[in-house]
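The values are calculated or read from the model by the stated rules, or taken from the named source; none is laboratory data. Since we're looking at a predicted model, the values are computed, not measured. For neighbour counting, all protein chains shown are included, and Cβ atoms are generated from backbone atoms with ideal geometry for every residue, glycine included. Heavy atoms of the whole protein, side chains included, go into the accessibility calculation; ligands, DNA and RNA do not. Shrake-Rupley method; radii C 1.70, N 1.55, O 1.52, S 1.80 Å.
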Amino acid sequence: MSLTTHTTTSGFILPSIHSAPPFFTQQPNPTTQSIATDQWIHLIQAYARHNRLFVLRVEDAEISGNDWDEVLRNERINRKLLPMHLTQILAKMVFSNVATYDPPKQTRSVLLYWRLPDEWAEVLHSWAVSTAQLNTILTFYDITDPPVKSELSGIPVSLLRKAINILVKSGRAQLIGVADGEGVRLFSGGR
Amino acid sequence: MGGKQSIPKITSQDRAILDLKLQRDKLRQYQKKIQVILDREGVIAKTHLAAGQKDRAIVALRRRKYQQSLLLKTDGQLETLEQLVSTIEFSLVEVSVLQGLKQGNDILKEIHKEMNIDAVERLLEETHEAREYQREIGEMLSNSLTTDEKDSVQEELRQLQADIDMEPATDIILPMAPITHPIKQRNTESASGEEGVKVPITA
């Protein structure tokens, strides 16, 4: 069977390696396995960026019918990624800092960093500048679910919090806490 | 941490605004929830109707109506909240405009203090005096010439006048204006020759 790229319904182009059956099984040779894992990480990140997915769970490999079906299984060659294998890929992703376990202290669900928190911080800041929301008090909901869709629409609060903390450290944001929840105020800041 | 200084303190005002906004968010989320229920009840009513259970479909629709009325109510509340938030934010803008005006006014006052009318008058007077003084010095200096010097000045004046008187005596031969149309080359050569003769005399 020839290996070709495949365009999914969402317009994402799966690489040709995704049509190779061995890609879905763990390789006994550690070098081969490491290369395959890197390919998986690359694929997962690209797919997450394309579909704006922030979370990947081991569960996604166990059951079908979720956002990750197109990547984690390939019906055309009748293969799917086994949960055990995914767990190892996730571990390597966390190790190389392109993902983090979220919530922490478990290994079944990760928050994907197809943008690093530093990059998200920049995105957040430039969004606030371009929509003239500096010096205004924003709730997290204002940022994750703005009336006009933005780059930050749907960003998980845990990731948003990390980005905000980075801005706080460089003096460009200020967290305000009240009994009911939290808000943030962004500043143009030095730099 | 130089940037820290520019960060304003969190005032109770800020907290109040945040509280309001959080309330607004809650309302929005509540609306979302109701919308989901609305859609769900609609589907339920449809399936009941399809199954021939008319009365159950009616119940579902009644629930749906109730949720709809809730949605309308929250719309009204949301509007009020958002108006309040906008009003507060606008008032903050007004406050900052007022502060800007105040600062500008203070600066203007300070500048005026440095530049009161008395000072200006005094300054002008001083300038006037200084000019007067300068004039006096000038006069004194011009008057301080000795009689000998005055004589020599007069003598010089006479000499100059004599020179001027003498000058018309010397014949100045002015070049003649050409009476013919200029012809190429030969004419220009002769003209330059004539001038060459006259230059030493005028000097």
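Here residue A:139 meets the list (1) in contact with a Lys or Arg (Cβ under 6 Å, 6 or more places away or on another chain); (2) open to solvent by 20 Å² or more (accessible area, probe 1.4 Å) almost entirely, failing just condition (2).
Screening segment A:166-190 for residues that are touching a strand residue (DSSP E or B) at 6+ places or on another chain (Cβ under 7 Å) and among the charged types (D, E, K, R) and picking the one that is surrounded by the fewest Cβ atoms within 10 Å (Cβ to Cβ) gives A:182. Screening segment B:149-177 for residues that are assigned to a loop (DSSP other than H, G, I, E, B) and surrounded by 10 or more Cβ atoms within 10 Å (Cβ to Cβ) and picking the one that is modelled with the lowest pLDDT gives B:173. The condition of being out of contact with any Asp or Glu (no Cβ under 9 Å at 6 or more places or on another chain), surrounded by 14 or more Cβ atoms within 10 Å (Cβ to Cβ) and more than 7 Å from chain A (Cβ to nearest Cβ) holds for only one of B:10, B:37, that being B:37.
Kindly evaluate residue B:100 against the criterion of being at pLDDT 90 or above and away from every other protein chain (no Cβ under 14 Å). So residue B:100 fits the description; yes. Has segment B:61-81 got at least one residue that is at pLDDT below 90, within 11 Å of chain A (Cβ to nearest Cβ) and closer than 30 Å to residue A:168 by Cα? No, because not a single residue in segment B:61-81 is at pLDDT below 90, within 11 Å of chain A (Cβ to nearest Cβ) and closer than 30 Å to residue A:168 by Cα. Entry remark, segment A:166-187: residues being assigned to a strand (DSSP E or B) and either farther than 22 Å from residue B:16 by Cα or not acidic (Asp, Glu) (or both) number 11 in total. The single residue among A:134, A:159 that is in the same structural domain as residue A:182 (by TED's automatic domain parsing) and either out of contact with any strand residue (DSSP E or B) (no Cβ under 8 Å at 6 or more places or on another chain) or under 30 Å from residue B:90 (Cβ atoms) (or both) turns out to be A:134.
Of everything in segment A:58-90 that's polar (S, T, N, Q) and outside any helix (DSSP H, G or I), which residue is farthest from the chain's Cα centre (by Cα)? Per the criteria, the residue is A:78.
Here residue B:69 does not qualify as of a type in the set (Ser, Thr, Tyr), closer than 30 Å to residue B:15 by Cα, open to solvent by less than 80 Å² (accessible area, probe 1.4 Å) and without any contact (Cβ under 8 Å) to a residue 24 or more places away in the chain.
If you go through segment B:17-34 and keep only what is farther than 14 Å from residue B:68 by Cβ and loosely packed, with under 15 Cβ neighbours inside 10 Å, you end up with B:29, B:32.
Cβ-Cβ contacts under 7 Å between residues 6 or more apart (or on different chains), taken from a first residue in segment B:17-32 that is touching a residue at least 12 places away in the same chain (Cβ under 8 Å) and at the interface with chain A (Cβ under 8 Å from one of its Cβ atoms) to a second residue that is of a type in the set (Lys, Arg) and assigned to a helix (DSSP H, G or I), are absent. Total residues in segment A:142-165 satisfying the condition of being open to solvent by 30 Å² or more (accessible area, probe 1.4 Å), in a loop (DSSP other than H, G, I, E, B) and away from chain B (no Cβ under 14 Å): the figure is 3. Of everything in segment B:107-148 that is open to solvent by less than 80 Å² (accessible area, probe 1.4 Å) and at pLDDT 90 or above, the residue that is nearest to the chain's Cα centre (by Cα) is B:127.
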